[in-house]
Amino acid sequence: MNAPSEGYITPDGRKIGGVLMEMKNITLRFGGVVAIKDISFDIREGEIRAIIGPNGAGKSSMLNVISGFYIPTEGEVWFKGRKRGPMKPYEVARLGIARTFQNIALFDGMSVLDNILTGRLTLMKSGLLSQAFWYGAAAKEEDEHREKVEKIIDFLEIQNIRKTPVGRLPYGLKKRVELARALAAEPRILLLDEPMAGMNVEEKEDMCRFILDVNDEFGTTIALIEHDMGVVMDLSDRVVVMDYGRKIGDGTPDEVRNNQDVIDAYLGVAHG
Amino acid sequence: MMPDQLLYALEVTLNGLMAGVMYSLVALGFVLIFKASGIFNYAQGVLALFAALTLVGLQNGQIPFAHLINAALGTNLHHFGWKLPALVAIALTALVMVGLAILIEKLVLKHLVNQAPIILFMATIGLAYFLEGLGDVMWGADIKKLDVGLPQGISETVESVTDAWLGYGFFIDRLDIVATFVAILLVTALTLFSQYSKQGRALRAVADDHQAALSVGISLRFIWVLVWSIAGFVALVAGIMWGAKSGVQFSLSLIALKALPVLMLGGFTSIPGAIVGGLIIGVGEKLFEFFAGPMIGGATENWFAYVLALLFLVFRPQGLFGEKIIERV
Ligand SMILES: Nc1ncnc2c1ncn2[C@@H]1O[C@H](COP(=O)(O)OP(=O)(O)OP(=O)(O)O)[C@@H](O)[C@H]1O
Ligand SMILES: [Mg+2]
């Protein structure tokens, strides 16, 4: 499907805006391995965009390109209508692009609360000197940040583990804390690498609900990678399908489901 | 034991605690860098020497690189002819240490990102020799007296008070008392900084997980500079204390050798560990010398710390407070 440039209305009546991020002819090589081969697609304001594909298709690599962890060998990344130069991951984060990781990257030694607060570092203003000399202002700012964090904690229903060191949490809750930390940055785009992998059915349902609520309540644009086809079809507005580093499909869940290349790729590969 | 001997042992313990504070200070510098970057900074001792040399040089208005300039141009420069107040000189030296941290990041660390720890360790060995040479060339290789106005000599107050209370006057060096207070102040400041400031929080994040830190917008390079600056400042404090005690000379850099057993005891990643470890080694050293020294011919202070640390390694490899190291397989 080619969405009109000014946006579109989803079947469930949500209004999707113009292009927020655009990948143009992205290629990524690691030595001889071509992880991404000449892929282009866009992500629209307010949209839930999924990237799917068999193992090793290059999905995580794509997310890493968007978040600046990988520099594409060829191609351009456009954000808010402007071409983005080669950037470090922390610079991308400061643009308002937050992410989670397939293998979870949390601060294990810190409490849940501290982990989520760390997500707000880019939004904290007070510098070293002002903190030392204008203690009052810094304390007030800290309070505001804590308030915002408490809202996210309530939102994701993790009040009862606020003070727990993250290292002690079970897998499913870690994934939720990671989402909370990304949300704390109040991002323009939220990138989620397999947010439901390794979860039981109940946890998956919770996570689905959170993702939909985030999108609905904060209007956050979301790009996510997911293996579970059912989940993808329920969640996403548009889907990019990758296989062996190439894009083999792009459109609404229905369009993608009926695409012969996609069907072949999925039938030809065993999944875990 | 005779009460007199008990009191004497108590005095030895107190002196040991004070000496331990010095060890803790040096070990603290190591821990800061190791925690944030996984680098074992061999140059920490030389950093203290370099800081002390720079402080003395600035304070006395020495012209840096004077020997080099004289040799090249046939001039006869020595001093600018001014003396700086101690506090001004200390502040300037702190700035020099920040500059040094920036240079180390730009010229060394930046190029070694993602290298194995052993490579980074080797780089710090190189750095140690370089800084040692640089210190010599900039400020001269002679032994210097460091005087920033810290009180010296045996504290008469302590002596008379303990004499009045216990009938036995303790001999405690005034400088050691000051060093203790300074160390407490420094550790408190560092703790507040790391717990409550934005940069401190970023520092803890980097120490915990680099990838996660990047994803929340923390610049690792900024953190390297920050942590080396802090380590440089801690080295300056250690350099001032040791320098005031025994002069500024090459042997000052060897205090790092005392820090190693402290780290083995306290764990490489624990700030409380560095402090408690330093105190244990300081006290252990002095008490062992006091009780066992006379029986086995003295000079035990040279090796006792290492034996104690080795015993610890056998029974608790991660140190007192260090995190347990579990290999993933
Ligand atoms: N840092 C890297 N260095 C070398 N090769 C890499 C690197 N990252 C990814 N690759 C390779 O790129 C290809 C795509 O990997 P990627 O992780 O993007 O796949 P994926 O679609 O996320 O797979 P999965 O579903 O298993 O997570 C693989 O062949 C992988 O080995
Ligand atoms: Mg992946």
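When you go through B:V161, B:V137, B:V182 one by one, which is the residue that is among the aliphatic types (A, V, I, L, M) and over 25 Å from the mean Cα position of the chain (by Cα)? Spell out how you get there, then give the answer.
Numbers: B:V137 fails: over 25 Å from the mean Cα position of the chain (by Cα); B:V182 fails: over 25 Å from the mean Cα position of the chain (by Cα).
Exactly one residue qualifies, and that residue is B:V161.
Please indicate, with yes or no, whether at least one residue in segment B:191-200 is touching a residue at least 40 places away in the same chain (Cβ under 8 Å), away from chain A (no Cβ under 12 Å) and in a helix (DSSP H, G or I).
First, the residues of segment B:191-200 that are touching a residue at least 40 places away in the same chain (Cβ under 8 Å): B:191.
Of the ones still in play, those that are also away from chain A (no Cβ under 12 Å) are B:191.
From what's left, in a helix (DSSP H, G or I): B:191.
Checking segment B:191-200: at least one residue is touching a residue at least 40 places away in the same chain (Cβ under 8 Å), away from chain A (no Cβ under 12 Å) and in a helix (DSSP H, G or I).
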Keeping to segment A:62-114, report how many residues are over 14 Å from the mean Cα position of the chain (by Cα) and away from chain B (no Cβ under 11 Å). 21
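Matching residues to (1) within 14 Å of another protein chain (Cβ to nearest Cβ); (2) modelled with pLDDT under 95; (3) farther than 30 Å from A:E22 by Cβ; (4) open to solvent by less than 50 Å² (accessible area, probe 1.4 Å):
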{"position": "A:E142", "(1), (2), (3), (4)": "yes, yes, yes, yes"}
{"position": "A:V177", "(1), (2), (3), (4)": "yes, no, yes, yes"}
{"position": "A:R181", "(1), (2), (3), (4)": "yes, no, no, yes"}
{"position": "A:P187", "(1), (2), (3), (4)": "yes, no, no, yes"}
{"position": "A:G198", "(1), (2), (3), (4)": "no, yes, yes, no"}
{"position": "A:V201", "(1), (2), (3), (4)": "no, yes, yes, no"}
{"position": "A:F210", "(1), (2), (3), (4)": "no, no, no, yes"}
Can you spot a residue in segment A:67-80 that is modelled with pLDDT of 95 or more and under 26 Å from A:M233 (Cβ atoms)? yes
Condition broken by B:L120, with the remaining ones in (1) open to solvent by 70 Å² or more (accessible area, probe 1.4 Å); (2) part of a helix (DSSP H, G or I) satisfied: (1)
Could you please give the count of residues in segment B:202-217 that are part of a helix (DSSP H, G or I), at the interface with another protein chain (Cβ under 7 Å from one of its Cβ atoms) and over 20 Å from A:K174 (Cβ atoms)? 1
Restricted to segment A:16-54, and to residues that are within 16 Å of ligand 2 (Cβ to nearest atom) and without any contact (Cβ under 8 Å) to a residue 40 or more places away in the chain, which residue is farthest from the other protein chains (Cβ to nearest Cβ)? A:V33
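Can you say whether B:V56 is in a helix (DSSP H, G or I), open to solvent by less than 20 Å² (accessible area, probe 1.4 Å) and at pLDDT 90 or above, as far as the supplied structure shows?
Details: in a helix (DSSP H, G or I): yes; open to solvent by less than 20 Å² (accessible area, probe 1.4 Å): yes; at pLDDT 90 or above: yes.
Spelling it out, B:V56 is indeed in a helix (DSSP H, G or I), open to solvent by less than 20 Å² (accessible area, probe 1.4 Å) and at pLDDT 90 or above.
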Here are some conditions: (1) free of Cβ contacts under 8 Å to residues at least 12 places away in the same chain; (2) closer than 19 Å to B:K245 by Cα; (3) not charged (D, E, K, R). B:T188 meets all but one. Which one does it not meet? (2)
Being within 16 Å of ligand 2 (Cβ to nearest atom) and either aromatic (F, W, Y) or at positive phi (or both) is the filter here, so list the residues in segment A:183-201 that pass it. A:E194, A:G198
Which numbered condition B:V216 misses (of (1) touching a Ser or Thr at 6+ places or on another chain (Cβ under 9 Å); (2) modelled with pLDDT under 90): (2)
Scan segment A:41-57 for residues that are open to solvent by 10 Å² or more (accessible area, probe 1.4 Å), in contact with a Gly (Cβ under 8 Å, 6 or more places away or on another chain) and small (G, A, S) and jot them down. A:G46
By residue number, the members of segment A:68-109 that are open to solvent by less than 20 Å² (accessible area, probe 1.4 Å) and assigned to a strand (DSSP E or B) are A:V77, A:F79, A:I97, A:A98, A:R99
Reported set for segment A:51-67 where residues are near ligand 1 (Cβ under 6 Å from one of its atoms), of a type in the set (G, A, S) and in a loop (DSSP other than H, G, I, E, B) is A:G53, A:G56, A:A57, A:G58
Taking B:L175, is it more than 9 Å from chain A (Cβ to nearest Cβ), open to solvent by less than 10 Å² (accessible area, probe 1.4 Å) and part of a helix (DSSP H, G or I)? yes
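Please tell me if B:V148 is in contact (Cβ under 8 Å) with a residue 12 or more places away in the chain and either outside any loop (DSSP other than H, G, I, E, B) or facing chain A (nearest Cβ under 10 Å) (or both).
Details: in contact (Cβ under 8 Å) with a residue 12 or more places away in the chain: yes; either outside any loop (DSSP other than H, G, I, E, B) or facing chain A (nearest Cβ under 10 Å) (or both): no.
Here the answer is no, as B:V148 does not meet what is asked.
The values are calculated or read from the model by the stated rules, or taken from the named source; none is laboratory data. Since this is a predicted model, take the numbers as computed values, not measurements. Heads up, the Cβs are rebuilt from the backbone with ideal geometry, glycines too, and the neighbour counts pull from every protein chain shown. The accessibility values were calculated without ligands, DNA or RNA, using every heavy atom of the protein model including side chains. Shrake-Rupley method; radii C 1.70, N 1.55, O 1.52, S 1.80 Å.
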